[in-house]
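Here's the structure, in structure tokens; my notes come after.
The values are calculated or read from the model by the stated rules, or taken from the named source; none is laboratory data. As the structure is a prediction and not an experimental result, all values here were calculated from the model. Quick reminder, even Gly has a Cβ in these numbers, built from the backbone with ideal geometry, and neighbours come from all protein chains shown. We work out accessible area using only protein heavy atoms, side chains counted, and drop any ligands, DNA or RNA first. Shrake-Rupley method; radii C 1.70, N 1.55, O 1.52, S 1.80 Å.
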Amino acid sequence: MTHDHHAGGSAPLVYQSALPVSRATLDLVTGLIRQHRRSIGSRWRKVTPGRQAVLALAWLRHDQRLTDLAVAHEVSPSTVRRWALEVLPLLAARAPRLDRVLARLAARGQVVVLADGTLIPTRRRTGTANRANYSGKHHRHGLNVQALTDPRGRLLWLSPVLSGATPDITAARRHRMLQRLHRAGVAVVADTGYQGWHKDLRDWPPDGLVTHDQLVLTPYKAQRNHPLTAAQRSANTVLGGLRAAVEGGFAALKTWRVLDKLRLHSRHATTLVRALLVLIQHEQRNRDLTIRTHPTR
């Protein structure tokens, strides 16, 4: 964006703003847009693929209002919205699928992942959708997203969204996460919201042929008249240290401020989450490459 000042005029002021993403990420999005325009035969638009990429990333990273972006480029807000939404499926198509993620982990010998859920806040809905999207745990409306990270907290996979009223263990069951982890031979560390999750494999697989025990590590929970023992408290401390890394994955996700309070229709939410996962992983790979190439930086 550029700064433009008209003394005494009615034209709006336009200011510069930094966009904290790498040049490699901008090039990725620009390339996808350029390829998409060629595929649909789009001959001319008011902005270049690079400028459209900047607008989409500004919206995702800063939750920039589309009306403000539109004024700066002398187009309508609906045009900017169309440009921004056009980018989401292009990115989401590159999101890793869970079975492929687990297959790669197993091939590398990684046997443990961290699982957790988070709520993407949304506006209060009207009608019957109001109750379904209300999370009693968080006391607000939103959408449930499940995540798997590695022990360092790097996001590996994000689930399709479900209504905010869905408990984490129910969401994990609907996505059949444990069966897929079991098939790949990968253990999972989760919080108390997933207690009893391991019991889902008692009747799975249907033929009863289980090649190994599935390990689901969750903290011990104190019960009435049954306080935790010293050993259980120590185990909870260790698990808490392991699980702390998953918060880093969610922190990376929520640096994209479009998730601060989702104003899009919920039908776009899964595509949005998958698109952000692609951007996060691309940024991480770029940082890793920079570190390997210039270890002193």
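Structure above, values below:
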item: Hey, residue 47 open to solvent by less than 50 Å² (accessible area, probe 1.4 Å), of a type in the set (Val, Ile, Thr), without any contact (Cβ under 8 Å) to a residue 60 or more places away in the chain and out of contact with any Lys or Arg (no Cβ under 6 Å at 6 or more places or on another chain) or not; result: yes
item: Residue within the stretch 109-128 that is touching a residue at least 12 places away in the same chain (Cβ under 8 Å), over 18 Å from the mean Cα position of the chain (by Cα) and assigned to a strand (DSSP E or B) present; result: yes
item: Members of the stretch 130-143 that are farther than 21 Å from residue 249 by Cα and open to solvent by 20 Å² or more (accessible area, probe 1.4 Å); result: 130, 131, 132, 134, 136, 139, 140, 141
item: The stretch 249-265: number of residues that are open to solvent by 40 Å² or more (accessible area, probe 1.4 Å) and part of a helix (DSSP H, G or I); result: 3
item: Residue match in the stretch 254-261 (condition: in contact with a Pro (Cβ under 6 Å, 6 or more places away or on another chain) and within 24 Å of residue 153 (Cα to Cα)); result: yes
item: Cβ pairs under 9 Å, 6+ apart, first in the stretch 144-158 and within 14 Å of residue 275 (Cα to Cα) and open to solvent by 20 Å² or more (accessible area, probe 1.4 Å), second of a type in the set (Val, Ile, Thr) and part of a strand (DSSP E or B); result: 156/113; 156/149
item: Residue match in the stretch 247-261 (condition: touching a residue at least 12 places away in the same chain (Cβ under 8 Å) and over 23 Å from residue 279 (Cα atoms)); result: no
item: Yes/no for residue 61 being over 21 Å from the mean Cα position of the chain (by Cα) and assigned to a helix (DSSP H, G or I); result: no
item: Verdict on residue 101 being surrounded by 15 or more Cβ atoms within 10 Å (Cβ to Cβ) and not in a helix (DSSP H, G or I); result: no
item: Residue within the stretch 66-86 that is over 26 Å from residue 245 (Cβ atoms), surrounded by 13 or more Cβ atoms within 10 Å (Cβ to Cβ), in contact with a helix residue (DSSP H, G or I) (Cβ under 6 Å, 6 or more places away or on another chain) and among the basic types (Lys, Arg) present; result: yes
item: Residues satisfying the stated conditions in the stretch 267-277, i.e. crowded, with 21+ Cβ neighbours inside 10 Å and either of a type in the set (A, V, I, L, M) or within 13 Å of residue 144 (Cα to Cα) (or both); result: 272, 273, 275, 276, 277
item: Answer residue from the stretch 162-191, given it is buried (at least 17 other Cβ atoms within 10 Å of the Cβ) and without any contact (Cβ under 8 Å) to a residue 24 or more places away in the chain and is farthest from the chain's Cα centre (by Cα) among those; result: 166
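Conditions (1) touching a Pro at 6+ places or on another chain (Cβ under 9 Å); (2) at pLDDT below 90; (3) not hydrophobic (A, V, I, L, M, F, W, C), marked per residue:
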residue	(1), (2), (3)
108	no, no, yes
126	no, yes, yes
149	no, no, yes
154	no, no, yes
186	no, no, no
210	no, yes, no
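Results for (1) at pLDDT 85 or above; (2) of a type outside the set (A, V, I, L, M, F, W, C), shown as yes or no for each residue.
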| position | (1), (2) |
| --- | --- |
| 215 | no, no |
| 224 | no, yes |
| 227 | yes, yes |
| 233 | yes, yes |
| 242 | no, no |
| 245 | yes, no |
| 252 | yes, no |
